[in-house]
Each structure stands twice: as structure tokens, then as C-alpha cells.
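Q: Before anything else, here's the structure in question.
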Amino acid sequence: MKNNSLLKDSAVIRWSMLFLVSLTMFAAYLASDIFSPLKTMLEQHNLWSSTEYGWFSSSYSLFNVFLGMLILGGLLLDKMGIRFSGITSCLFMVIGLVIKYWAITKPELIEQTSIFGLKAQVVWVVVGFGIFGVGAEVAGITVSKTIVKWFKGKELALAMGMQLAIARIGSAAALIFSPMIAAKYQSVSPSVLFGLALMVAGAFAFIVYSFYDKKLDKELSLDINNQEESFNWNDVKSIITNKGFWLIALLCVVFYSAAFPFIKFATDLMVNKFSVDPKLAGTIPGMLPFGAIILTPLFGRIYDKYGHGADLMIIGSFMIVIIHSLFAAPFITHWVAAVILMILLGVAFSMVPSAMWPSLAKIMPERQLGTTYALTFYIQNIGLWGMPVLIGFVLDKYCIIGTHVINGIEVNKYDYTLPMMIFAGMCSFAILLAYMVKIEDKKKGYGLQLPNIKK
């Protein structure tokens with residue numbers, strides 16, 4: 001079969017497939033961040049503490065870390081293929097959100113104490129969000145492999161950047177609209193229902209994609225049996241003994257530990273440090289994804305055409321350290337400064353992923369990418385689990401500086417200096433790791449500094 005007869009050689013079809021899987025991740029990101037701007041309301045109406053909110057935020061990674069679900073998901077992806085893994089992950093996300101919605105609509109659970117002194121409602125929300133997190137992370141590695149499948153040797157970094165950009169529109173939508181919906185109904189449950197409805201739509205988008213994926217596999221003479229033969233357990237050993245993989249994986253965990261957990265607490269930061277109205281406080285963190293929306297594809301395009309992937313990771317990591325440190329500065333308290341810093345943070349958040357994820361496709365062979373992404377996401381999830389718990393604990397233990405009244409209800413007032421320094425300190429390791437990636441690339445010749453597009 002001639003190459004020009006393949007589906008993926010059609011730019012229209014190739015980018016349409018990207019749009020479909022991106023819609024799935026849009027819904028996943030939105031549903032994941034539904035509670036991010038609602039910390040204050042959860043404290044007011046559901047009587048949650050910062051520690052309980054931290055446990056909730058960390059529960060996204062609970063089963064992925066402690067039950068190894070992500071690794072199993074990666075192995076499943078390489079063994080069973082994209083369609084099976086993608087549809088299964090969508091099912092997990094929907095089930096998890098259903099549990100979360102049920103729990104948050106049961107006020108009687110607030111009065112019940114359960115495991116580790118947490119409210120029964122918190123425990124059930126933790127369980128639901130943990131199940132959702134399994135599906136979301138497996139969906140993430142599935143979509144990453146999907147993009148490599150359709151775009152390798154073409155606009156790979158741009159495609160990954162576009163996918164991340166569309167997904168982050170979901171985060172922005174959650175940060176902006178979730179508090180508005182919650183404020184209108186004086187309850188957080190309608191926001192959760194909003195996320196659930198969009199997640200069902202996102203699952204449908206992936207089902208539509210699956211028909212085209214099956215057709216492409218037929219064109220390439222691939223089927224499930226062939227995929228099973230392409231992977232063996234010895235490949236796991238080759239992945240975990242690859243220094244380049246470990247450098248990227250560790251960079252991933254320190255970078256995202258300073259990114260996603262920050263978003264979970266960013267709205268509360270706006271309320272406590274910059275005195276922004278809670279109804280509007282999510283709007284400023286919502287600017288962060290918009291910066292990434294514009295710039296991640298741009299940086300991806302630069303990587304595709306000109307290379308310099310390692311340099312992008314170094315510069316992005318350095319910017320994040322500086323910006324988080326400025327957020328910690330006690331003399332920066334005006335909301336305009338918060339807007340500027342959030343926009344700059346969006347730039348920084350764009351640089352690292354636009355180069356990091358395509359770089360893995362250069363370091364590891366395609367048949368191992370499902371497991372490679374899974375192991376990387378697993379290591380990442382350790383940070384995503386531990387950092388919110390740490391920040392929630394630090395806020396309750398060391399950062400309460402009094403109380404203030406919001407919408408007629410008295411809640412704790414927090415000093416976010418220490419949490420922001422923790423974020424900055426974590427990301428400082430990213431600078432070193434990115435530089436080590438550049439050195440390793442020179443030694444092994446992975447081509448991380450070279451363009452992705454083959455001429």
C-alpha cells in the first residue's frame with residue numbers, strides 16, 4: 001500500500017482525529033479542576049478543612065500510586081491497543097464522577113466521621129476522584145500514544161501542543177465557570193454535575209475516534225494480536241534501565257508537582273493574598289491555561305521546525321521558579337500583579353510540556369511508548385498525590401493568620417508565602433534535570449535538539 005493512501009497522510013483527517021481525542025482530554029481536565037476554585041465554598045458550606053481539601057486534591061493519584069493502576073494501564077495499552085484502553089479509561093472517569101456527585105449531594109455525610117478523622121463525605125469524594133484519576137491518567141497516556149501514531153515524522157510536537165492547549169481550555173473553563181455555577185445555586189454539586197455531563201460528551205468523542213483508529217489499523221495491517229506480539233516484558237527492563245527515560249520522568253514529576261497542585265490552591269491564593277472576590281477569584285488562575293493554550297502549540301511548532309527541545313525545558317523550568325518566588329513575595333499583593341504573574345506562568349507552563357512529551361518519543365521506540373508514558377505518568381502521580389497533602393497540611397499547621405468573613409461566613413485566612421516557596425523549591429530541581437537531559441542527549445544522540453519534522 002502506498003503511503004499516500006493512508007488515512008494519517010491526509011492532513012484533514014489527521015487533525016480531525018487530534019480534535020476528537022482532544023475533546024476527551026478537554027472534558028477530563030475540566031472535570032478534574034471543577035473543585036479547584038471552590039476551596040473557600042467547601043470550607044463554608046461543607047465544613048472542609050484545608051487538610052481535607054488537600055487529601056481530596058491528592059486523591060486524583062491515590063489508586064495510580066498505591067495500586068499501580070497507571071502501570072497496568074500502560075501495559076494494557078501496549079497489549080490491547082488504543083481503542084480498548086481509551087474507552088475503558090472514559091468509563092472509569094464517568095463512574096468516578098458519578099460517585100463524587102453522589103457524595104457531594106449527601107449533606108448527612110458531612111456530620112459523619114470516617115477514616116483518618118476525615119468526614120465521610122470527604123472519603124467518598126476521595127474514592128470517586130481516585131477512580132476518576134485512574135481513567136484520566138490512562139486516557140492521557142492513550143492520547144499521547146495516539147498522537148505519536150498519527151503524527152510521528154510529521155507535526156508531532158505541534159500536535160501534542162495543540163492537544164495540551166485544548167485540554168487546558170477545559171481547566172480554564174472549570175476555573176472560570178465552576179465558581180459562578182456554585183455561587184448561583186449556593187452549592188458545589190451543580191458544578192460537579194456540569195463536569196459529569198461534559199465528561200459523558202468527551203467519552204462519546206473518543207468512541208467516534210475509535211472507528212477511524214480501527215480503519216487505520218486495517219490499513220497498516222495491524223490488529224490486537226500483532227500488537228500483543230510487538231511487546232514483551234523484557235521491554236520494561238529496557239525502559240527502566242534507560243537514563244534518558246529517568247531524567248525525563250523525574251523532570252516530569254518535579255515540574256507537574258509545581259503546576260497542577262498549584263492550580264488546586266491558586267483560587268484560594270487569590271482570595272487570601274490578593275483579596276479577590278471568591279466569585280471572581282477563579283478568573284485569574286483561569287488565565288494560566290489561556291497562556292498555555294496560545295503558546296504550547298507555538299513552542300511545539302518551534303520544536304518541530306527548529307529543535308532545541310532541551311533548551312525549552314531549561315528556560316521554562318527557570319521561569320517557573322522565578323514566578324512562584326514572586327508569588328511568595330510579601331510585598332506583591334495587588335491583583336494586577338497576580339494577573340501579570342499568572343500570564344507569565346502560562347508561558348512557562350507551555351515551554352516544558354511542549355518539548356518534554358515529544359522527547360520521550362525520540363528516546364524510546366514506538367512499541368514501548370504505552371508503557372513508557374505509563375511509567376512516566378506513574379512517577380508524576382507520586383508528586384501529584386504528595387504535594388496537595390503537604391500544602392494542605394502546611395496551610396492548617398503553619399499558615400493560619402486569623403479569620404475573615406466571606407459572604408457572611410467566617411473562614412480561616414491564610415498566608416501563602418510558605419506554600420509558594422515549597423512550589424518554587426520543587427521546581428528548582430527541574431532546572432538541573434533539564435540541563436542533565438541536554439547533556440545526556442549529547443552523549444546518546446537522541447536528537448532532542450533536532451527538529452521533529454523529517455524533510
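The values are calculated or read from the model by the stated rules, or taken from the named source; none is laboratory data. Worth saying up front: this structure is predicted, and the values here are computed from it rather than measured. Ideal geometry is used to build each Cβ from the backbone, glycine not excepted, and the neighbour counts take in all protein chains shown.
Q: Within the range 164-212, track down each residue that is over 13 Å from Ser32 (Cα atoms) and among the β-branched types (Val, Ile, Thr).
A: Ile166, Ile176, Ile181, Val188, Val200, Ile207, Val208 - these are the residues of the range 164-212 that are over 13 Å from Ser32 (Cα atoms) and among the β-branched types (Val, Ile, Thr).
Q: Among the residues of the range 293-308, which ones are in a helix (DSSP H, G or I), crowded, with 18+ Cβ neighbours inside 10 Å and over 20 Å from the mean Cα position of the chain (by Cα)?
A: Across the range 293-308, the qualifying residues are Arg301, Ile302, Tyr303, Asp304.
Q: I would also like to ask the following. Is one or more of the residues making up the range 111-122 crowded, with 24+ Cβ neighbours inside 10 Å, more than 17 Å from the chain's Cα centre (by Cα) and not basic (Lys, Arg)? Let's see the steps before the verdict.
A: Within the range 111-122, the subset crowded, with 24+ Cβ neighbours inside 10 Å is 121-122.
Going one step further and asking which of them are more than 17 Å from the chain's Cα centre (by Cα), we end up with 121-122.
Within this subset, residues satisfying the condition of being not basic (Lys, Arg) are 121-122.
Yes; the residues of the range 111-122 include at least one that is crowded, with 24+ Cβ neighbours inside 10 Å, more than 17 Å from the chain's Cα centre (by Cα) and not basic (Lys, Arg).
Q: Oh, and also: Out of all the residues in the range 336-369, which are under 20 Å from the mean Cα position of the chain (by Cα) and closer than 25 Å to Lys443 by Cα?
A: Result: Met351, Val352, Pro353, Ser354, Ala355, Met356, Trp357, Pro358, Ser359, Leu360, Ala361, Leu369.
Q: Residues in the range 329-339: is at least one among the polar types (S, T, N, Q) and crowded, with 19+ Cβ neighbours inside 10 Å?
A: Checking the range 329-339: not a single residue is among the polar types (S, T, N, Q) and crowded, with 19+ Cβ neighbours inside 10 Å.
Q: Return the only residue of Gly133, Gly170, Gly161 being closer than 15 Å to Met356 by Cα and under 14 Å from the mean Cα position of the chain (by Cα). Give the derivation first.
A: Numbers: Gly133 fails: closer than 15 Å to Met356 by Cα; Gly170 fails: closer than 15 Å to Met356 by Cα.
Only one candidate passes the filter, namely Gly161.
Q: Does Tyr373 qualify as being part of a helix (DSSP H, G or I) and in contact with a Ser or Thr (Cβ under 9 Å, 6 or more places away or on another chain)?
A: yes
Q: Could you list, in sequence order, the residues of the range 64-100 that are surrounded by fewer than 24 Cβ atoms within 10 Å (Cβ to Cβ) and closer than 22 Å to Val389 by Cβ?
A: Within the range 64-100, Val65, Phe66, Leu67, Gly68, Ile71, Ile99 qualify.
Q: Same structure, new question: Just one of Val143, Val138, Val148 is within 24 Å of Phe56 (Cα to Cα), out of contact with any strand residue (DSSP E or B) (no Cβ under 7 Å at 6 or more places or on another chain) and either part of a helix (DSSP H, G or I) or in contact (Cβ under 8 Å) with a residue 40 or more places away in the chain (or both); which is it?
A: That would be Val138, the only listed residue that is within 24 Å of Phe56 (Cα to Cα), out of contact with any strand residue (DSSP E or B) (no Cβ under 7 Å at 6 or more places or on another chain) and either part of a helix (DSSP H, G or I) or in contact (Cβ under 8 Å) with a residue 40 or more places away in the chain (or both).
Q: Quickly run through the range 441-455 and pick out the residues that are surrounded by fewer than 15 Cβ atoms within 10 Å (Cβ to Cβ) and either part of a helix (DSSP H, G or I) or at pLDDT 90 or above (or both).
A: If the condition is that a residue be surrounded by fewer than 15 Cβ atoms within 10 Å (Cβ to Cβ) and either part of a helix (DSSP H, G or I) or at pLDDT 90 or above (or both), then Lys442, Lys443, Lys444 are the ones that fit.
Q: While we're here: Just name the residue that is modelled with the lowest pLDDT out of those in the range 414-427 that are in a helix (DSSP H, G or I) and not aliphatic (A, V, I, L, M). Reasoning before the result, please.
A: Let us first name the residues in the range 414-427 that are in a helix (DSSP H, G or I), namely 417-427.
From what is left, the residues that are not aliphatic (A, V, I, L, M) are 417, 419, 423, 425, 427.
Values: Thr417: 93, Pro419: 92, Phe423: 92, Gly425: 90, Cys427: 86.
Across the range 414-427, the extreme among qualifying residues is Cys427.
Q: Scan the range 1-15 for residues that are without any contact (Cβ under 8 Å) to a residue 24 or more places away in the chain and of a type in the set (S, T, N, Q) and jot them down.
A: Asn3, Asn4, Ser10
Q: Moving to a separate point now. Kindly list the number of the only condition in (1) at pLDDT below 90; (2) surrounded by fewer than 19 Cβ atoms within 10 Å (Cβ to Cβ); (3) of a type outside the set (D, E, K, R) that fails for Pro190.
A: For Pro190, the exception is condition (1).
Yes/no per residue for (1) part of a helix (DSSP H, G or I); (2) of a type in the set (A, V, I, L, M, F, W, C); (3) in contact with a strand residue (DSSP E or B) (Cβ under 9 Å, 6 or more places away or on another chain):
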site	(1), (2), (3)
Ile320	yes, yes, no
Phe327	yes, yes, no
Thr333	no, no, no
Met351	yes, yes, no
Gln368	yes, no, no
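Yes/no per residue for (1) in a helix (DSSP H, G or I); (2) more than 21 Å from Thr51 (Cα to Cα):
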residue: Lys397; (1), (2): yes, no
residue: Val405; (1), (2): no, no
residue: Asn412; (1), (2): no, no
residue: Phe429; (1), (2): yes, yes
residue: Leu432; (1), (2): yes, yes
residue: Ile439; (1), (2): yes, yes
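Q: Residues to consider are Asp277, Asp268, Asp304; find the one that is without any contact (Cβ under 8 Å) to a residue 24 or more places away in the chain and not aromatic (Phe, Trp, Tyr).
A: Asp277
Q: Given the conditions (1) β-branched (Val, Ile, Thr); (2) within 17 Å of Gly54 (Cα to Cα); (3) touching a residue at least 60 places away in the same chain (Cβ under 8 Å), which single one is not true for Thr372?
A: The failed condition is (2).
Q: Also, quick follow-up: State whether one or more residues within the range 29-38 are surrounded by fewer than 24 Cβ atoms within 10 Å (Cβ to Cβ), among the acidic types (Asp, Glu) and either out of contact with any Cys (no Cβ under 7 Å at 6 or more places or on another chain) or more than 21 Å from Ile382 (Cβ to Cβ) (or both).
A: no
Q: If I ask for residues that are surrounded by fewer than 24 Cβ atoms within 10 Å (Cβ to Cβ) and in contact with a Lys or Arg (Cβ under 8 Å, 6 or more places away or on another chain), which ones from the range 125-149 would you list?
A: Gly128, Lys149
Q: In the range 206-248, what count of residues is obtained for those that are at pLDDT 80 or above and in a loop (DSSP other than H, G, I, E, B)?
A: So the count comes out to 2.
Q: Only one of Ser58, Ser32, Ser49, Ser36 is in contact with an Asp or Glu (Cβ under 7 Å, 6 or more places away or on another chain) and within 22 Å of Gly282 (Cβ to Cβ). Can you tell me which? Talk me through it step by step, then tell me what you get.
A: Working: Ser58 fails: in contact with an Asp or Glu (Cβ under 7 Å, 6 or more places away or on another chain); Ser32 fails: in contact with an Asp or Glu (Cβ under 7 Å, 6 or more places away or on another chain); Ser36 fails: in contact with an Asp or Glu (Cβ under 7 Å, 6 or more places away or on another chain).
Answer to the check: Ser49.
Q: Do we find that Lys79 is within 29 Å of Pro190 (Cβ to Cβ) and among the basic types (Lys, Arg) in this structure?
A: In short, no.
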